[in-house]
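Beneath this line is the structure, given in structure tokens, with notes to follow.
The values are calculated or read from the model by the stated rules, or taken from the named source; none is laboratory data. Predicted, not measured: the structure shown is a model, and the values here were computed from it. Heads up, the Cβs are rebuilt from the backbone with ideal geometry, glycines too, and the neighbour counts pull from every protein chain shown. Surface areas here come from the heavy atoms of the whole protein model, side chains and all, with no ligands, DNA or RNA. Shrake-Rupley method; radii C 1.70, N 1.55, O 1.52, S 1.80 Å.
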Amino acid sequence: MELRSYIDEHALDVPSIAVVVDFFLISKDGVVTTTIDRDVDFTTPLDPDAAKCPVSRLLEGDISVRTFARHQSKTKGILYAGEDITVVWRPAFCEHSERCFRQLPQVFDPRERTWITPDGTSAERVAAQVARCPSGALDVRWPEGAPSPGPRD
Ligand code: SF4
């Protein structure tokens, strides 16, 4: 709907958009996760002028729109302690979205044996990235007395 509104508002020549939704359950280690993948397809090539708009620049090449169900469980995970913040990772919930290490590689590096280094940047930035984990596999622990993290951005 937001994309359609943007297209209409800027009078772009995009007559139709097809969206296919794939809804399925993944059962892994006794945890069932509802997964919804949305595939967006522009059914006609974009007008050259439309190609200059920020939305179409974002949508160049293959587009993959994914939807994740977020776990709220506080079950135990693996702790990665830093000086100002500790990151908790619950591998059973990880959906391998790659979001953490693509957006904050100085902290999350799956090529390393200890793949999370919380001291790689500020604790606030680490907390903000953890909040973006779509599956709820990541969490943080603040030291006693430290200010609590802000809302998810
Ligand atoms: S962002 Fe979360 S779900 Fe995605 S790879 Fe990292 S830990 Fe796993």
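Listed values, structure above:
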{"item": "Tally of residues being within 9 Å of the ligand (Cβ to nearest atom) and part of a loop (DSSP other than H, G, I, E, B) across the stretch 84-126", "result": "7"}
{"item": "Residue, nearest to the ligand (Cβ to nearest atom), within the stretch 127-141, restricted to residues that are within 20 Å of residue 69 (Cβ to Cβ) and not in a loop (DSSP other than H, G, I, E, B)", "result": "138"}
{"item": "Residue in the stretch 63-75 that is within 16 Å of the chain's Cα centre (by Cα), within 14 Å of the ligand (Cβ to nearest atom) and modelled with pLDDT of 95 or more present", "result": "no"}
{"item": "Boolean, residue 110 is without any contact (Cβ under 8 Å) to a residue 24 or more places away in the chain, within 28 Å of residue 30 (Cα to Cα) and open to solvent by 20 Å² or more (accessible area, probe 1.4 Å)", "result": "yes"}
